[in-house]
Amino acid sequence: MNSTHVALAEAATAQTTTRLTFREAARAGLRDALARDERVFLMGEDVGHYGGCFAVSLGLLAEFGPERVRDTPLSESAFVGAGIGAALAGMRPIVEIMTVNFSLLALDQILNNAATILHMSGGQFNVPLVIRMATGGGRQLAAQHSHSLEGWYAHIPGLRVLTPATHEDVRGMLWTALEDPDPVLIFENAALYPVEASVPVEWSPVDIDHAVVRRSGSDVTLITYGGSLYKTLQAADELAAHGIQADVIDLRTLRPLDDATIFESIARTHRAVIIDEGWRSGGISAEIGMRIMENRFYDLDAPVERVCSAEVPMPYAAHLEQAALPQVAGIVAAARRVIGG
Amino acid sequence: MTIQLSHEPVTVDRDHALQLLGEMLRIRRFEETCAELYMAARVRGFVHLCIGQEAISAGLIPLLTPEDRIVSTYREHGHALARGISANACMAEMFGKVDGCSRGRGGSMHLFDAQKRFYGGNAIVGGGLPLAVGTALADKLQHEPNVTVCFFGDGAVAEGEFHECMNLAALWRLPLLFACENNLYAMGTALERAQAQTDRLVKAAGYHVPAESVDGMDVLAVASAAQRAIDFIRAGNGPYLLELRTYRFRAHSMYDPELYRDKQEVEQWKQRDPIDTFAARLLQAGLVTDAEIEQLRQAAADEMAAAVAFAEASPLEPVEQLTRWVYSDATPEEQER
Ligand SMILES: Cc1ncc(C[n+]2csc(CCOP(=O)(O)OP(=O)(O)O)c2C)c(N)n1
Ligand SMILES: [Mg+2]
């Protein structure tokens with residue numbers, strides 16, 4: 001049993017647990033951060049009076065006041081840049097961008113400032129900033145509101161990219177992220193917000209350096225993260241019914257990637273499928289696949305397969321959207337292909 | 001009939017009055033239908049209603065020529081209908097059907113119609129403004145006498161795009177009407193909580209863009225101010241900003257708990273319902289009868305019921321067409337490569 005299995009087992013047997021939605025777990029992380037460190041403040045569109053566009057920050061304005069739960073105008077570029085400046089000047093801002101779709105208006109600040117100032121200043125100025133945003137499709141919001149661009153951001157040196165899929169991760173990763181001296185982006189898959197789960201009442205910061213094996217098996221490695229984790233686990237159940245045991249890896253962090261956990265699994269299974277809600281071309285799945293090629297080519301018994309979103313702007317109509325997204329059946333089929341069964 | 005407004009008298013004849021009222025009633029009924037369908041889970045996604053703001057679409061858009069252009073936001077049902085995109089095509093789009101004006105790819109927030117020169121609802125706040133600068137620039141370069149109207153909200157004024165585009169349009173003297181629908185809120189953020197200078201006429205002055213503020217609940221006031229603005233632009237004088245002071249009666253999108261505003265405030269604005277107040281004025285002036293108004297209401301209800309039937313009967317796009325129109329002249333097989 002490796003350490004990640006231990007962590008899961010501990011969670012399952014923890015004595016005092018509570019049931020929370022993913023949204024409430026994220027809120028618990030925010031509340032804790034605000035309570036623990038005077039330098040922390042939350043800023044973004046509708047985080048205060050509206051309660052957060054996904055109701056994640058609901059109630060925090062009343063608890064911490066408008067200075068620390070700060071509504072901003074619709075100026076993504078300006079308030080992300082203000083977060084960088086405040087971080088440079090001793091604060092620990094948490095900037096919320098409603099969704100990754102709108103983060104594109106702040107891309108310049110994220111890429112040209114947050115990710116580069118440390119290097120450009122010869123190590124003099126670090127940017128301890130956390131940027132949270134919702135990501136993902138599946139809610140019939142069409143092409144401009146359904147992006148999964150976390151893999152894109154993982155392209156950028158200078159950033160750390162987190163993709164919590166579990167309630168404990170979304171609650172605990174913020175703490176760890178705020179302790180990081182450099183900019184951290186946290187992507188919360190919006191489809192998960194209403195999902196309930198049991199979590200231990202007692203908690204502490206969670207490790208953000210390692211992927212976790214969420215289910216063990218020796219026949220095929222299924223590599224995923226974020227919203228696709230649940231579809232992948234479901235696929236693993238179906239495969240088990242056919243006598244195929246899948247190792248399911250939750251990457252948790254897309255930059256830096258935890259190669260070791262991936263490689264260790266492939267050394268056992270000799271087969272891999274990567275499941276990513278992002279697009280295939282140039283995506284994080286390509287990066288993972290290539291790393292496997294570079295490092296574990298001779299371990300493989302079959303070509304690596306990928307299950308990604310179709311190469312299309314996300315359509316509105318439900319049947320088209322579902323056809324565009326990774327689905328359980330597609331994951332099962334890909335796994336069976338690499339096994340040759 | 002001549003109705004005395006605060007600024008000036010506006011003349012409206014019977015046919016014109018009926019047309020304005022009828023347009024507002026169509027938009028209202030379309031959106032009430034959308035709300036019902038949404039509750040019944042037959043329409044999905046984000047659905048932003050303009051109920052309360054109909055006088056803007058009805059007053060402004062009919063003044064445009066067929067060659068003029070419109071760039072809109074996600075709150076665009078009224079703009080699309082007033083522009084002449086059929087209720088059938090709009091409703092089928094709400095259903096995600098193949099006969100929808102965006103073939104089911106857009107939904108409520110992205111109604112498009114090339115023939116009507118309707119460049120879509122844009123769901124990124126401020127995202128349509130640069131597009132509108134581009135269409136206006138193209139018209140200017142091609143010596144076309146067209147006007148582009150760009151609709152956006154009070155919230156969008158805080159976006160950099162507003163400021164960048166005001167500057168560019170003024171600098172290049174582009175035929176662009178900035179139509180700001182100021183409904184006092186950007187989702188839950190009241191104007192004065194987000195903007196230090198809440199007077200957009202002052203902002204416009206900063207960019208040398210002539211501007212006017214008008215009661216957006218009064219369809220005649222909208223029409224007369226819009227006519228002045230369009231005449232000014234078409235005469236080659238460059239851009240113009242029209243602030244249309246209005247209010248949305250419903251939630252920001254289909255549902256929100258409205259923690260950010262007083263019920264009383266909403267009720268007060270409802271007293272100024274653009275449809276009821278206009279109907280009352282017409283009745284008082286003896287220009288139309290109750291029966292005629294009722295007829296318009298019924299016509300709108302019939303039209304929207306037919307649109308729902310049309311949308312329901314419309315087929316779904318075959319899934320094989322999923323990747324079409326990623327590039328204009330490639331087959332689905334080529335798109336996948
Ligand atoms: C760039 C961007 N930021 C945030 C959002 C989320 N959002 C959608 S509508 C809206 C409020 C916009 O208010 P306003 O411009 O006044 O238009 P209204 O909705 O009142 O018509 C917000 C914050 C978005 N769609 N795009
Ligand atoms: Mg508004």
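In the protein assembly as shown, a dipole from Cβ-located charges (positive for Lys and Arg, negative for Asp and Glu) runs towards its positive end, and of A:M290, A:L174, B:H110 it is A:M290 whose Cα lies farthest in that direction.
As an equivalent ellipsoid, the range B:210-337 spans semi-axes of 38, 26, 21 angstrom, where each value is the square root of five times an eigenvalue of the C-alpha gyration tensor, largest first. Which of B:T33, B:T65, B:T73 moves most in a GNM of chain B, Cα contacts under 10 Å? Evaluated over chain B, the most mobile residue of the options is B:T65. If only the Cβ of Lys and Arg carry +1 and only the Cβ of Asp and Glu carry -1, the dipole of chain A around its Cα centre is close to 300 debye. Given +1 at the Cβ of Lys and Arg, -1 at the Cβ of Asp and Glu and no other charges, the dipole of the range B:252-291 around its Cα centre is 160 debye to the nearest 20.
Taking both sides together, the accessible area buried where B meets A is about 2800 Å² for a 1.4 Å probe. Carbon-plus-sulfur accessible fraction, the protein assembly as shown (probe radius 1.4 Å, protein heavy atoms only): 54%. Taken per residue, the accessible surface of the range B:245-337 reaches 60 Å², heavy atoms only and a 1.4 Å probe. Take the Cα of A:E294, go 7 Å toward its beta carbon, and the backbone nitrogen atoms of the range A:249-288 under 16 Å from that spot belong to A:254-264, A:282-288. Note on chain A: dipole from Cβ charges, positive end direction compared against A:V213, A:I110, A:L30; the farthest Cα belongs to A:V213.
Averaging Cα coordinates gives a centre for the range A:213-227 and one for the range A:242-281; these two points are 6 Å apart. Mean projected area of the convex hull spanned by the Cα atoms of the range B:2-314, taken over all viewing directions: 15.4 nm². Taking 18 Å as the cut-off, the amide N atoms of the range A:177-191 that come nearer than this to a point 7 Å along the Cα-to-beta-carbon line of B:A41 belong to A:191.
GluC sites (Glu not before Pro), restricted to the range A:181-280: which are DSSP loop and have at most 12 other Cβ atoms within 10 Å? Hits after loop and neighbour filter: A:E202. Taking label points 7 Å from Cα along the Cα-to-Cβ direction, B:T65 and B:A301 give a separation of 4.1 nm.
Shape of the range B:145-202 from its Cα gyration tensor (a ≥ b ≥ c, root eigenvalues): rounded if a/c is under 1.5, otherwise prolate when a/b > b/c, or oblate? It is prolate, given that a/c is not under 1.5 and a/b is the larger ratio. An oblate overall shape is assigned to the range B:97-224, the ratio a/c of its alpha-carbon gyration tensor axes (a ≥ b ≥ c) being 1.5 or greater and a/b not exceeding b/c. Residues in the range B:138-208 average 40 Å² of solvent-accessible surface per residue, probe 1.4 Å, ligands and nucleic acids excluded. Rg and Dmax of the range A:46-180, both derived from C-alpha coordinates alone, stand at 14.9, 46 Å.
If the segment from B:S328 to B:R173 were pulled out straight at 0.36 nm per residue, it would be longer than the present Cα-Cα gap by 52.5 nm.
According to the Kirkwood relation over distinct C-alpha pairs, the hydrodynamic radius of the range A:280-329 is 12.6 Å. Contact order for the range A:212-339, expressed relative to its length and based on alpha carbon pairs under 8 Å spaced 6+ residues apart, stands at 29 percent.
Averaging 1/r over every pair of different alpha carbons in chain A and inverting the result gives a Kirkwood radius of 20.4 Å. Over the protein assembly as shown, the hull volume per residue, using the convex hull of the C-alpha atoms, is 172 Å³. Averaging Cα coordinates gives a centre for the range B:103-164 and one for the range A:171-186; these two points are 38 Å apart. Along the charge dipole of chain B, Cβ charges K/R +1 and D/E -1, which of B:A211, B:Y255, B:Q227 sits furthest on the positive end? Of the listed residues, the answer is B:A211. At the listed q of 0.19, 0.20, 0.24 Å⁻¹, the Debye profile of the range B:50-105, built from one uniform point per Cα, gives log10 I(q)/I(0) equal to -0.69, -0.75, -0.98. With contributions of -39500 (n - 2.57) from each DSSP H run of at least four residues, the per-residue ellipticity at 222 nm computed over the protein assembly as shown stands at -12000 deg cm²/dmol. Computed from point charges on the beta carbon alone (+1 for Lys and Arg, -1 for Asp and Glu), the dipole magnitude for the range A:111-190 about its Cα centre is near 220 Debye.
For chain B, a Gaussian network of Cα nodes joined below 10 Å ranks B:A196, B:A132, B:A123 by mean-square fluctuation, and the top entry is B:A196. Using Cα springs under 10 Å in a Gaussian network model of chain A, which residue among A:W203, A:W175, A:W152 shows the largest mean-square fluctuation? For chain A, modelled as a Gaussian network with Cα springs under 10 Å, the answer is A:W203.
Note on B:E320 and A:A62: with the Förster distance fixed at 35 Å, the Cβ-Cβ geometry gives a FRET efficiency of about 0.10. For the range B:1-105, GluC sites (Glu not before Pro) meeting the loop criterion (DSSP other than H, G, I, E, B) and having at most 15 other Cβ atoms within 10 Å: B:E67.
Rg/Rh for the range B:243-295 (Cα atoms only, Rh after Kirkwood) is 1.12.
The values are calculated or read from the model by the stated rules, or taken from the named source; none is laboratory data. A quick note: this is a predicted structure, and the numbers were derived from the prediction, not measured. Reconstructed Cβ throughout: ideal geometry from the backbone, glycine too, with neighbour counts over all protein chains shown. For the accessible areas, the whole protein counts, side chains as well, though only heavy atoms, and no ligand, DNA or RNA atoms are used. Shrake-Rupley method; radii C 1.70, N 1.55, O 1.52, S 1.80 Å.
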